[in-house]
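Read the figures in this text as sums done on the coordinates, not as results from a lab. Nothing here was measured: the structure is a model prediction, and the numbers come from that model. Every residue, glycine as well, gets a Cβ built from its backbone with ideal geometry; the counts of neighbours run over all protein chains shown.
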2 protein chains.
Amino acid sequence: MPTNVVIVGGGFGGMMCAKAMRRTSANITLVDKRNFHLFQPLLYQVATGGLSPANIAAPLRSIFRCQRNVQVLMGTVESFDKANSCVILEDGTQLPFDYLVLATGSTHHYFGRDVDWEPVAPGLKTIEDATVIRRRVLSAFERAERSHDPLEIARLLTFVIVGGGPTGVEMAGSIAELSKQTMKKDFRSINPTTARVILVENSKLVLDRYHESLSIQAGKDLRSMGVEVMNETRLSEIFPKHVVVTQNGRPLTIETETVIWAAGVKASPLGKKLAEAYDLPALLDRSGRVQVEARCSIAEHSNIFVIGDLANFPTHDGKTLPGVAPVAIQQGSYVGKLLNATISGRKCTQPFQYWDKGNMATIGRSHAIVESGRIRLTGKLAWLAWLFIHILYLARFENRMLVVFQWFWNYATRNRTARLITGNEDRHK
Amino acid sequence: MPTNVVIVGGGFGGMMCAKAMRRTSANITLVDKRNFHLFQPLLYQVATGGLSPANIAAPLRSIFRCQRNVQVLMGTVESFDKANSCVILEDGTQLPFDYLVLATGSTHHYFGRDVDWEPVAPGLKTIEDATVIRRRVLSAFERAERSHDPLEIARLLTFVIVGGGPTGVEMAGSIAELSKQTMKKDFRSINPTTARVILVENSKLVLDRYHESLSIQAGKDLRSMGVEVMNETRLSEIFPKHVVVTQNGRPLTIETETVIWAAGVKASPLGKKLAEAYDLPALLDRSGRVQVEARCSIAEHSNIFVIGDLANFPTHDGKTLPGVAPVAIQQGSYVGKLLNATISGRKCTQPFQYWDKGNMATIGRSHAIVESGRIRLTGKLAWLAWLFIHILYLARFENRMLVVFQWFWNYATRNRTARLITGNEDRHK
């Protein structure tokens with residue numbers, strides 16, 4: 001009987017794991033809530049009208065069309081059955097496994113304020129998140145154009161982004177470009193270039209995981225693009241028409257109706273379900289990630305692997321690997337190869353080793369920072385490097401040519417053609 | 001004081017009217033519920049995953065960026081104030097006008113069954129309609145892949161399209177191509193090429209406004225693509241898991257969960273509001289369209305124009321002009337030029353004259369029908385003509401190159417890259 005491998009999650013980790021097993025005799029079942037793989041690093045471009053959802057998403061079925069040992073199922077994992085080694089889907093379907101790979105990533109984390117803050121300050125993890133943010137940002141300009149109240153106009157043209165990590169910096173840079181470049185001639189009553197884009201960051205510098213010189217340059221770049229960077233500032237409260245931040249211990253009110261959340265992520269809730277089903281109370285770390293061993297498998301169960309953002313993989317210096325795409329990609333490939341060997345009866349004891357090629361973050365047109373070993377780049381050169389790497393990664397997608405084309409078009413014309421306000425939720429909020 | 005022109009609706013009619021007035025000293029206000037102009041003739045491509053919404057939509061603000069006499073407002077017209085010659089928006093904003101142009105088009109018509117049928121049988125008029133249909137069609141395949149019940153699988157793989165006009169024929173052809181070509185290797189449990197695509201049409205032939213030889217050929221083309229064409233068949237009832245049609249007076253049950261409505265349109269409700277506000281009970285025809293005179297204006301009010309699908313324009317032979325894009329485009333240009341003349345003090349008595357360049361409908365890859373005067377084309381030549389004309393029209397869009405590129409890509413690979421299931425509504429229906 002062939003071996004059953006169940007992979008949950010079709011992101012970078014799950015997709016790479018299934019791809020690495022293309023020559024294996026196993027039956028692979030890839031389960032995802034969505035019918036597509038999403039290239040998350042470019043999601044901010046969808047949120048600001050630069051790209052269409054389909055430009056950065058590829059149907060999982062097309063990706064695995066020719067890999068006949070993979071069956072893609074669109075579904076949600078409800079629980080695990082330890083006794084029978086089964087994954088149970090939301091409709092009760094049982095998927096028996098010999099090997100299980102969990103790669104369901106992470107979701108937003110509002111530090112205990114999920115219920116109040118999530119509806120008013122959307123984060124950026126899914127296609128729907130991106131279109132919600134796009135709708136809110138563009139609708140604010142539309143409503144300002146129709147308003148005759150200067151205070152209301154100022155409030156509508158103020159955008160607060162919470163969190164100065166890569167997503168927050170990209171969003172702030174993009175909204176600044178949108179208002180100060182793309183739409184500068186689009187309105188008659190308001191002047192969109194007067195829009196305030198405020199980036200609120202707890203720590204001293206934005207992108208503070210990079211070398212200090214790069215973080216400082218990123219802050220300068222943002223300010224040169226017209227973003228107000230508020231360092232050492234903490235968000236205290238969100239109200240419908242204003243937010244309160246705390247700066248040097250003093251509260252400060254900012255009038256705004258558009259708040260974007262880029263401050264925190266937590267692991268997908270599937271880790272908790274696994275810990276409960278397998279009765280392993282010590283399995284999760286404080287942020288809900290599953291603690292894994294050197295081969296990416298969990299304690300006592302060498303046939304259950306957890307990879308990507310959902311995994312807490314310890315490094316030699318007592319830290320853990322960051323929740324970034326390259327880690328997920330490398331762990332996916334590693335587990336796929338490990339399973340190839342195991343299934344064909346070979347022994348594989350090689351632990352997972354992360355090859356850190358460096359990090360990069362983009363700030364806006366012609367601004368980025370790159371750090372790779374001792375190499376540190378900023379400005380246009382860094383931006384070109386960022387562009388090049390992202391195009392290379394996108395090469396896994398069938399629609400990469402379209403994205404490249406649309407990028408160059410946007411770059412040449414400073415236009416953003418996907419500026420659509422769609423959906424109904426708060427069109428007349 | 002400059003003249004105020006208010007145009008309601010940014011479709012083909014309203015957009016062309018505003019464009020024709022680019023050298024006029026008037027203040028033009030263009031009001032639309034949405035922030036974009038939609039190229040409706042290609043909406044069926046979005047509904048079947050061939051194109052992204054942004055490929056066929058262009059922000060109205062970009063279209064009029066450089067035409068400084070046009071202000072675009074995103075809003076909904078609530079009513080008209082006859083005494084003060086004002087248009088009133090949903091929030092009470094008053095837009096005074098010297099000249100008013102209404103071009104809000106048409107919407108679905110379920111022959112009195114709107115409440116029951118609209119939620120279960122979505123029509124195809126808006127971007128949201130298209131993504132709803134895309135989600136339902138793709139989800140049916142996903143659910144079939146997960147099912148183990150042969151009857152349920154057969155039901156999920158049955159698609160019923162109601163109405164054999166251009167939209168119904170395009171949808172039927174596209175779904176047939178999607179299941180029998182694009183996705184043919186995408187599944188492991190089901191065989192998508194066994195999907196039934198049923199086109200239900202009241203009359204003897206599909207596309208029955210064309211010359212009989214063309215309608216017959218269109219029916220043949222559909223059948224050759226695997227569509228079951230049911231002529232002289234009427235939809236009687238829609239249930240969650242089946243529909244009942246009447247054929248030769250006998251009821252016939254078809255098991256299906258996916259019904260697409262392409263059977264009827266009615267005029268936008270704005271005509272009724274105009275008739276009420278101006279106390280003109282005889283203004284509307286039976287399908288809610290506004291009866292206009294030779295210059296596209298309404299009786300007794302030569303400063304109020306109605307164009308496009310919302311207008312009932314009488315022809316010499318006692319019929320009315322059809323609700324197609326070329327009529328709206330030509331009426332928009334005509335009214336724009338008429339207003340140019342009137343505002344600059346010239347007299348213009350020339351009535352509107354429709355120049356019928358012909359009609360064309362596409363059926364699928366390499367199949368279309370074209371009728372222009374005595375010229376009648378079918379097959380590949382007609383399809384190329386259809387493609388050429390649509391590319392020419394799209395030339396008004398900034399993103400035309402992308403559409404052309406994506407089309408050729410789809411054509412070359414038989415792929416559809418925008419096959420995303422997005423939104424939540426009925427993901428696990």
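Within the listed set A:ASN191, A:ASN84, A:ASN359, the residue fluctuating most in the Gaussian network model of chain A (springs between alpha-carbon atoms under 10 angstrom) is A:ASN84.
Panel note: the C-alpha atoms of the protein assembly as shown, placed on their principal axes, show extents of 88, 69, 42 Å (largest first). Peptide B:131-143 shows a mean partner chain C-beta count of 2 within 10 Å per residue C-beta. Both the radius of gyration and Dmax for the stretch A:132-188 are 12.0, 36 Å, in that order, over alpha-carbon atoms. Going from the residue with the fewest nearby Cβ atoms within 10 Å to the one with the most, A:PHE159, A:PHE239 rank A:PHE239, A:PHE159. The H on the amide N of A:LEU73, modeled in the peptide plane, is under 5 Å from the matching H of A:LEU30, A:VAL31, A:ASP32, each at least 5 residues off or on a different chain. Remark on the stretch B:82-201: ratio of C-alpha radius of gyration to 2.2 N^0.38 Å is 1.52. Taking a Cβ cut-off of under 12 Å around A:SER147, the surrounding Lys, Arg, Asp and Glu residues balance to a net charge of -3, with basic ones at +1 and acidic ones at -1. Neighbour counts of C-beta atoms inside 10 Å place B:ARG68, B:ARG289, A:ARG188 in the sequence B:ARG68, A:ARG188, B:ARG289, starting with the fewest.
Backbone amide hydrogens, once placed in the peptide plane, bring B:VAL197 within less than 5 Å of B:PHE159, B:GLU228, excluding anything fewer than 5 places away on its chain.
What does the charge count near A:GLY336 come to, summing +1 for each Lys or Arg and -1 for each Asp or Glu among other residues with Cβ under 9 Å from its Cβ?
Around A:GLY336, the surrounding residues sum to +3.
Computed from backbone phi with θ = phi - 60° and the Karplus coefficients 6.51, -1.76 and 1.60, the 3J(HN,Hα) list for the stretch B:256-266 is 6, 10, 10, 10, 10, 9, 9, 9, x, 10, 10 Hz; x is used for glycine and proline.
Looking down the axis that turns chain B into chain A, the chain B residue with its beta carbon nearest that axis, and the gap rounded to whole angstrom, comes out as B:SER52, 2. Summing charges over neighbours of A:GLY288, with a neighbour being any other residue whose Cβ is under 14 Å away from its Cβ, gives +1 when K and R count +1 and D and E count -1. With a simple spin-label model that places each label point 7 Å from the Cα along the Cα-to-Cβ direction, the separation between B:PHE111 and B:SER79 comes to 3.5 nm. Per-residue Karplus couplings for the stretch B:193-208, computed as 6.51 cos²θ - 1.76 cosθ + 1.60 with θ equal to phi - 60°, are listed in order as 6, 7, 4, 9, 10, 10, 9, 9, 9, 3, 8, 5, 9, 6, 6, 6 Hz, Gly and Pro entered as x.
Helical runs (DSSP H, four residues minimum) scored at -39500 (n - 2.57) apiece and divided by the length of the protein assembly as shown put the mean residue ellipticity at 222 nm at -9500 deg cm²/dmol.
Inter-copy label distances at A:ARG223, shortest first and taken from points set 7 Å along Cα to Cβ: 7.5 nm. The mean number of partner chain beta-carbon atoms within 10 angstrom of a residue's beta-carbon across peptide B:58-64 is 6. Result for chain A in a Gaussian network model with C-alpha springs under 10 Å: among A:ALA20, A:ALA83, A:ALA341, the largest mean-square fluctuation is at A:ALA83. Residue by residue, the stretch A:25-34 carries 3J(HN,Hα) couplings of 7, 5, 8, 9, 10, 9, 9, 9, 5, 10 Hz when phi is fed to the Karplus relation 6.51 cos²θ - 1.76 cosθ + 1.60 (θ = phi - 60°); x denotes Gly or Pro.
A label point on A:LYS337, set 7 Å along the Cα-to-Cβ line, lies at 7.0 nm from each of its counterparts in the other copies, closest listed first. Counting, for every residue in B:181-189, the Cβ atoms of other protein chains within 10 Å of its Cβ and taking the mean gives 4.
Among B:CYS86, B:CYS296, B:CYS348, the largest mean-square fluctuation in a Gaussian network model of chain B (Cα springs under 10 Å) belongs to B:CYS348. Under 5 Å from the amide H of B:VAL101 lie the amide H atoms of B:VAL6, B:ILE7, B:VAL8, B:PHE305, each residue being 5 or more positions distant or on a separate chain, with H modelled from the backbone and absent for Pro and chain starts. Sorted shortest first, the separations between the A:ASP91 label point and its copies elsewhere in the assembly read 4.4 nm; each point sits 7 Å from Cα along the Cα-to-Cβ line.
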